[in-house]
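Student: Take this structure first; my questions come after.
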Amino acid sequence: MEENKQTLLEEVLQLSSRLREYQKAYYVDNHPLVSDLEYDRFFDRLSNLEKEYPEFRFPDSPTQRVGSDLSSDFPEVVHSIPVLSLDKAYSNEAVLSWVAKSQQKMRQGLSYVIEEKIDGISMVLYYEKGLLVKAVTRGNGTVGNDVTANVKTIASIPLRLPHPDTLAVRGEVYLQKADFLKLNKSMEIPYANPRNLAAGTIRRIKSSEVAKVPLQMFVYEGFWEEGLPLDDHVMILSKLKEYGFRINPTIGLFCKTKEEAQKRLKEASLEGFGGSFSDIPSYIQARTDGRNALLYEIDGLVAKVNELAIREQFGYTSHHPRWAIAYKFESPQATTVVQKIDIQVGRTGRVTPVARVKPVLIGGSTVSNVTLHNQDYIDMLELAIGDTVEISKRGDVIPAVERVIEKNENGEAVWKMQDTCPSCQKLLVKNGAHTFCPNPLCPDQVKGRVAFFIGKAQMDIESFGPETASALLEKGLLKDVDDIYTIDYRKVLSDTPGFGVKKIEAIIEGVEKSKEQPFRRVLVSLGISEFGKKAADLLVSSGITSMDELLTIARNEDIERLVAIKQMGEKTARLLVDSLNDPSMQRRIEALRKAGLCFEESGNKDTGLEQVFAGQVWCVTGSFDHFNPRDLALEEIEKRGGRTVSSITGKTTHLLAGSGAGSKLTKAENLSVHIVNEEAFLDLIAEKQSRVKKELSKEELQGEFSF
Ligand SMILES: NC(=O)c1ccc[n+]([C@@H]2O[C@H](COP(=O)([O-])OP(=O)(O)OC[C@H]3O[C@@H](n4cnc5c(N)ncnc54)[C@H](O)[C@@H]3O)[C@@H](O)[C@H]2O)c1
Ligand SMILES: [Zn+2]
């Protein structure tokens, strides 16, 4: 072989083995070694070489098969449908040129669907005679892992279909951005993005652990064993929706004319955008621009030929169908240098290392601080000061260090946290993967507690800013949040630079006013970990309406009483009881009681709403203009005394149905549940509000004449 070709062959072999290594780290370990962009570059280089030199295309090349996520922890199952990957394009133009080319190939009868490319894990659901029998990962495209028990924990996946069909359904299992952020906080070694966390969850051995993670699934393909008379993608989606699956409502259908597209969507009872071919470029642009506003992550868009007959004519490679193309967004990533690692002490004493990086622009914003979570995370990255790292910031998820690209040349070793607190110099202690400062009087902890206490969602004392806290801390007057209520501000601040009479009076007024905050806010402001607004609401609506009741429960270690509250986890309950029994917390509580804070919930007076939904059981489905997220509608119902449930049963009295309401609507109709649309619901709550007002004024009137 000539020398040049020999070198190329070596490159091919090297690329193949490298890609295989990256695939294992990505698909099986869920901790990628390189960025997607870099992976794609290697992949493209290999495919191009193989195209040029077909003799170098080996049957086991990574380009010839779907990247494998097989693991030995789960039984292997042979797929009854080919589970392929997608061909990729990296620009808007490349997609448009694919559309143009396919139109040349097939002059007539062609339409396109454009869907969001959900960044999750590929899953195939197998139904036999209407029953879910298996859920299988994509694996290598031919063989996947059986993860049925884990997938069954995803509430939106129907276990039984309304018809005894035998079919395979493909879709993507994913985790919403907000859920990811919340879960990742309590992770010993956090994940860099929602996809990795979702993939790690689906491979957990214990399904009870999986059930704690709110995974979701969108489905996008259905393969019936006995071909149903469905001849395009849109009708398949329509059928899947009718069967109770979640279909991503954000789809675009593009036909010769806009009218035709809209008509076909309507016939399929699908939401989405209908347009003509000339609308494709602006649609792609709009979806690309709008990606950050989504509740979940997408890593691109997928354009597909809509007609099934034409799909067959286009055919397949062993890696992807020729009738679809994925437009992959450039993922917001950048490389920079870690200049310093600081440690921050939070209000609970938890110590978090933060990388100070050379400022770098990612996805439109400058990043200079990146959390490193804990020592274990740093050890996993093998990160040292001076290293060049890759940072990602996907959507509105906080920036993460994904990996080290280049080690520093100064001989700096992997960074190790010091043993003492940078704020109070006390010896730090380890608890699990996290490190804590054990000193409740630690200035940084006090600062953190005060900042939380006065925060908008807690006591909301706007006039008491961080500079006030710093000034008081410096004078040694602020040792805990209760000092806020005993300090003589006029006396101690009047000769402090930056504190004029007006400012001081505003502080005093703000502090005084905060005493009116309701009990549930006071509870949250204590800063008990994992005890936020939702937990406080649950507690109060379960009938625990005063601090004394709660303290008694804590004293008796009555965890049972707490976990009897629906949605209250054992961990939250335990943390709550332990914190309340802590002597410094008890001192704080007693001091706040003395200060005159609200220690009792004052009935429903604070909402001022008539309990018009009392005794009713509401289910809410679909999407709404005024209640986005949907939880807002649930809140309105609960505030007015209604109970809310997530599925329709014989006990459900009302269904609030938004647009895109699917199987629940049918079920509600069958069970003669009252169906209320958004407009009627708005009327209902507005009408009740004004009626409450009217009744109030009647009372006031009566008051005038009753003496
Ligand atoms: N960083 C790494 O080390 C590394 C390693 C391997 C793979 N990767 C990444 O994974 C990609 C290759 O993986 P791939 O071949 O699985 O491709 P892919 O995951 O980028 O695209 C194919 C997948 O998209 C999913 N999908 C989401 N929404 C869809 C929709 N509406 N319709 C159809 N499919 C939809 C399907 O699960 C399908 O399998 C690479 O391009 C790279 O970005 C990265
Ligand atoms: Zn400290």
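Student: Can you pull out the residues in region 51-70 that are assigned to a helix (DSSP H, G or I) and touching a helix residue (DSSP H, G or I) at 6+ places or on another chain (Cβ under 6 Å)?
Tutor: To start, the set of residues in region 51-70 that are assigned to a helix (DSSP H, G or I) comprises 51-52, 54-56, 62-64.
Of everything in region 51-70, those that are assigned to a helix (DSSP H, G or I) and touching a helix residue (DSSP H, G or I) at 6+ places or on another chain (Cβ under 6 Å) turn out to be 56, 62, 63.
Student: Go through region 18-40 and give me each residue that's under 19 Å from residue 71 (Cβ atoms), assigned to a helix (DSSP H, G or I) and either more than 9 Å from ligand 1 (Cβ to nearest atom) or not small (Gly, Ala, Ser) (or both). Before you say what the answer is, go through the steps one by one.
Tutor: Going residue by residue through region 18-40, those that are under 19 Å from residue 71 (Cβ atoms) are 19-33.
Narrowing further to those that are assigned to a helix (DSSP H, G or I): 19-28.
Selection gives 19, 20, 21, 22, 23, 24, 26, 27, 28.
Student: For region 404-420, state whether one or more residues are farther than 30 Å from residue 588 by Cβ, within 16 Å of ligand 1 (Cβ to nearest atom) and either in contact (Cβ under 8 Å) with a residue 40 or more places away in the chain or surrounded by 20 or more Cβ atoms within 10 Å (Cβ to Cβ) (or both).
Tutor: The answer is yes, given that some residue of region 404-420 is farther than 30 Å from residue 588 by Cβ, within 16 Å of ligand 1 (Cβ to nearest atom) and either in contact (Cβ under 8 Å) with a residue 40 or more places away in the chain or surrounded by 20 or more Cβ atoms within 10 Å (Cβ to Cβ) (or both).
Student: Please list, ordered by first then second residue, the pairs with beta carbon atoms under 9 Å, 6 or more apart or interchain, first in region 516-528 and buried (at least 23 other Cβ atoms within 10 Å of the Cβ), second among the β-branched types (Val, Ile, Thr).
Tutor: Every condition considered, the pairs that remain are 523/540; 525/454; 525/481.
Student: Assuming residue 73 fulfils every condition listed in (1) among the charged types (D, E, K, R); (2) part of a helix (DSSP H, G or I); (3) out of contact with any Asp or Glu (no Cβ under 9 Å at 6 or more places or on another chain); (4) surrounded by fewer than 16 Cβ atoms within 10 Å (Cβ to Cβ) apart from one, which condition is it?
Tutor: Going through the list (1) among the charged types (D, E, K, R); (2) part of a helix (DSSP H, G or I); (3) out of contact with any Asp or Glu (no Cβ under 9 Å at 6 or more places or on another chain); (4) surrounded by fewer than 16 Cβ atoms within 10 Å (Cβ to Cβ), residue 73 breaks only (2).
Student: Of the residues 347, 287, 291, which single one is in contact (Cβ under 8 Å) with a residue 60 or more places away in the chain and away from ligand 1 (no atom under 16 Å from the Cβ)?
Tutor: The conditions single out 347.
Matching residues to (1) within 16 Å of ligand 2 (Cβ to nearest atom); (2) in a helix (DSSP H, G or I):
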| site | (1), (2) |
| --- | --- |
| 423 | yes, no |
| 446 | yes, yes |
| 449 | yes, yes |
| 457 | no, no |
| 462 | no, no |
| 473 | yes, yes |
| 478 | yes, no |
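Student: What are the residues in region 598-636 that are at pLDDT 85 or above, β-branched (Val, Ile, Thr) and either in a loop (DSSP other than H, G, I, E, B) or surrounded by fewer than 16 Cβ atoms within 10 Å (Cβ to Cβ) (or both), if any?
Tutor: Answer for region 598-636, where residues must be at pLDDT 85 or above, β-branched (Val, Ile, Thr) and either in a loop (DSSP other than H, G, I, E, B) or surrounded by fewer than 16 Cβ atoms within 10 Å (Cβ to Cβ) (or both): there is none.
Student: Spot the failing condition for residue 8; the list is (1) in contact with a helix residue (DSSP H, G or I) (Cβ under 7 Å, 6 or more places away or on another chain); (2) among the aliphatic types (A, V, I, L, M); (3) surrounded by fewer than 20 Cβ atoms within 10 Å (Cβ to Cβ); (4) outside any helix (DSSP H, G or I), and only one is missed.
Tutor: If we test residue 8 against (1) in contact with a helix residue (DSSP H, G or I) (Cβ under 7 Å, 6 or more places away or on another chain); (2) among the aliphatic types (A, V, I, L, M); (3) surrounded by fewer than 20 Cβ atoms within 10 Å (Cβ to Cβ); (4) outside any helix (DSSP H, G or I), just (4) comes out false.
Student: Inside region 115-214, counting only strands (runs of 3 or more DSSP E) that do not spill past its ends, which hold 3 or more residues that are surrounded by 22 or more Cβ atoms within 10 Å (Cβ to Cβ) and modelled with pLDDT of 95 or more?
Tutor: Working: elements: 121-128, 131-137, 143-145, 167-174.
Counting at least 3 such residues, we get 121-128, 131-137, 167-174.
Student: Quickly run through region 163-217 and pick out the residues that are within 30 Å of residue 131 (Cβ to Cβ) and of a type in the set (Gly, Ala, Ser).
Tutor: Hits for region 163-217 are 168, 171, 198, 199, 200, 207, 208, 211.
Student: With in contact with a His (Cβ under 8 Å, 6 or more places away or on another chain), within 17 Å of residue 320 (Cβ to Cβ) and not small (Gly, Ala, Ser) as the only criterion, which of 84, 19, 46 stands out?
Tutor: 84
Student: Here's something else I'd like to know. Give me a count of the residues in region 317-353 that are in a strand (DSSP E or B) and either touching a His at 6+ places or on another chain (Cβ under 9 Å) or within 16 Å of ligand 2 (Cβ to nearest atom) (or both).
Tutor: Start the filter on region 317-353 by keeping residues that are in a strand (DSSP E or B), which leaves 321, 324-328, 333-345, 350-353.
Remaining after also requiring either touching a His at 6+ places or on another chain (Cβ under 9 Å) or within 16 Å of ligand 2 (Cβ to nearest atom) (or both): 326, 342-345, 350-353.
Adding up the residues that qualify gives 9.
Student: Looking at region 649-673 only, could you name the residues that are assigned to a loop (DSSP other than H, G, I, E, B) and modelled with pLDDT of 85 or more? Full working, then the answer.
Tutor: Residues of region 649-673 that are assigned to a loop (DSSP other than H, G, I, E, B), as a first pass: 649-653, 658, 660-662, 671-673.
If the condition is that a residue be assigned to a loop (DSSP other than H, G, I, E, B) and modelled with pLDDT of 85 or more, then 652, 653, 658, 673 are the ones that fit.
Here is a yes/no grid of residues against (1) more than 31 Å from the chain's Cα centre (by Cα); (2) more than 16 Å from ligand 1 (Cβ to nearest atom); (3) at pLDDT below 95; (4) not assigned by TED's automatic domain parsing to the domain that holds residue 351:
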position: 426; (1), (2), (3), (4): yes, yes, no, no
position: 432; (1), (2), (3), (4): no, yes, yes, no
position: 469; (1), (2), (3), (4): yes, yes, yes, yes
position: 475; (1), (2), (3), (4): yes, yes, yes, yes
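Student: May I ask you to list the residues in region 529-546 that are part of a loop (DSSP other than H, G, I, E, B), under 23 Å from the mean Cα position of the chain (by Cα) and of a type outside the set (Asp, Glu)?
Tutor: Restricting attention to region 529-546, the residues satisfying the condition of being part of a loop (DSSP other than H, G, I, E, B) are 529-532, 542-545.
Right, trim to under 23 Å from the mean Cα position of the chain (by Cα) and you get 529-532.
Answer for region 529-546, where residues must be part of a loop (DSSP other than H, G, I, E, B), under 23 Å from the mean Cα position of the chain (by Cα) and of a type outside the set (Asp, Glu): 529, 531, 532.
Student: Follow-up question, since we're still on this one. Considering each of 541, 470, 494 in turn, give the residue that is of a type in the set (Gly, Ala, Ser) and in contact (Cβ under 8 Å) with a residue 40 or more places away in the chain. I'd like the intermediate steps shown before the answer.
Tutor: Numbers: 470 fails: in contact (Cβ under 8 Å) with a residue 40 or more places away in the chain; 494 fails: in contact (Cβ under 8 Å) with a residue 40 or more places away in the chain.
Just one listed residue meets the conditions, 541.
Student: Among the residues in region 243-252, are any charged (D, E, K, R) and either in contact with a helix residue (DSSP H, G or I) (Cβ under 8 Å, 6 or more places away or on another chain) or away from ligand 1 (no atom under 16 Å from the Cβ) (or both)?
Tutor: No, region 243-252 has no match at all.
Student: Name the one entry in 78, 113, 133 that is under 24 Å from residue 169 (Cα atoms) and without any contact (Cβ under 8 Å) to a residue 40 or more places away in the chain. Before the answer, list the steps.
Tutor: Details: 78 fails: without any contact (Cβ under 8 Å) to a residue 40 or more places away in the chain; 113 fails: without any contact (Cβ under 8 Å) to a residue 40 or more places away in the chain.
Unique residue meeting the criteria: 133.
Student: For region 44-55, indicate whether the set of residues that are surrounded by 13 or more Cβ atoms within 10 Å (Cβ to Cβ), more than 13 Å from ligand 1 (Cβ to nearest atom) and of a type in the set (Phe, Trp, Tyr) is non-empty.
Tutor: The answer is yes; a qualifying residue exists.
Student: Find the residue count for region 675-696, including only residues that are over 19 Å from residue 635 (Cα atoms) and either of a type in the set (Asp, Glu) or at pLDDT 85 or above (or both). Don't jump to the end; show me each part of the working.
Tutor: Kept after step one, since they are over 19 Å from residue 635 (Cα atoms), are these residues of region 675-696: 691, 693-696.
With either of a type in the set (Asp, Glu) or at pLDDT 85 or above (or both) added as a condition, the list becomes 695.
Residues that pass the stated criteria total 1.
Student: Just give me the residues in region 301-333 being of a type in the set (Gly, Ala, Ser), crowded, with 18+ Cβ neighbours inside 10 Å and under 16 Å from residue 99 (Cα atoms), in sequence order. Quick ask: steps written out before the conclusion?
Tutor: Here is the first cut: in region 301-333, the ones of a type in the set (Gly, Ala, Ser) are 303, 309, 315, 318, 324, 326, 331.
Within this subset, residues satisfying the condition of being crowded, with 18+ Cβ neighbours inside 10 Å are 303, 324, 326, 331.
Across region 301-333, the qualifying residues are 303, 324, 326.
Student: Residues that are exposed (fewer than 13 other Cβ atoms within 10 Å of the Cβ) and under 27 Å from residue 445 (Cα atoms): does region 543-552 have at least one? First the steps, then the outcome.
Tutor: The first filter runs over region 543-552 and keeps only residues exposed (fewer than 13 other Cβ atoms within 10 Å of the Cβ), leaving 543, 548.
Next, only the ones that are under 27 Å from residue 445 (Cα atoms) stay: 548.
Yes; the residues of region 543-552 include at least one that is exposed (fewer than 13 other Cβ atoms within 10 Å of the Cβ) and under 27 Å from residue 445 (Cα atoms).
Student: Checking residue 83 against (1) within 10 Å of ligand 1 (Cβ to nearest atom); (2) surrounded by fewer than 19 Cβ atoms within 10 Å (Cβ to Cβ); (3) assigned by TED's automatic domain parsing to the domain that holds residue 222: exactly one of these is not met. Which one?
Tutor: Condition not satisfied by residue 83: (2).
Student: Now for a different question. Check region 98-111 and report whether any residue there is surrounded by fewer than 17 Cβ atoms within 10 Å (Cβ to Cβ) and of a type in the set (Ser, Thr, Tyr). Steps first, please.
Tutor: Taking region 98-111 and keeping what is surrounded by fewer than 17 Cβ atoms within 10 Å (Cβ to Cβ), we get 100-101, 103-109.
Pick out the ones that are also of a type in the set (Ser, Thr, Tyr) and you get none.
No, region 98-111 contains no residue that is surrounded by fewer than 17 Cβ atoms within 10 Å (Cβ to Cβ) and of a type in the set (Ser, Thr, Tyr).
Student: Take the residues in region 434-444 that are out of contact with any Cys (no Cβ under 6 Å at 6 or more places or on another chain) and in a loop (DSSP other than H, G, I, E, B); name whichever of them is farthest from ligand 1 (Cβ to nearest atom). Write out each step before concluding.
Tutor: Kept after step one, since they are out of contact with any Cys (no Cβ under 6 Å at 6 or more places or on another chain), are these residues of region 434-444: 434-436, 438, 440-441, 443-444.
Subsequent filtering for residues that are in a loop (DSSP other than H, G, I, E, B) retains 438, 440-441.
Working: 438: 40, 440: 43, 441: 46 Å.
The extreme case among them is 441.
Student: Can you find a residue in region 309-316 that is among the aromatic types (Phe, Trp, Tyr), over 30 Å from residue 427 (Cα atoms), in contact with a strand residue (DSSP E or B) (Cβ under 7 Å, 6 or more places away or on another chain) and in a loop (DSSP other than H, G, I, E, B)? Can you show your working first?
Tutor: Here is the first cut: in region 309-316, the ones among the aromatic types (Phe, Trp, Tyr) are 314, 316.
If we keep only those that are over 30 Å from residue 427 (Cα atoms) as well, we get 314, 316.
If we keep only those that are in contact with a strand residue (DSSP E or B) (Cβ under 7 Å, 6 or more places away or on another chain) as well, we get 314.
After this cut, where a residue has to be in a loop (DSSP other than H, G, I, E, B) as well, the list is none.
So far as region 309-316 goes, no, none of its residues is among the aromatic types (Phe, Trp, Tyr), over 30 Å from residue 427 (Cα atoms), in contact with a strand residue (DSSP E or B) (Cβ under 7 Å, 6 or more places away or on another chain) and in a loop (DSSP other than H, G, I, E, B).
The values are calculated or read from the model by the stated rules, or taken from the named source; none is laboratory data. These figures come from a predicted structure and were not determined experimentally. Counting neighbours? That spans all protein chains shown, and the Cβs are built from the backbone with ideal geometry, glycine included.
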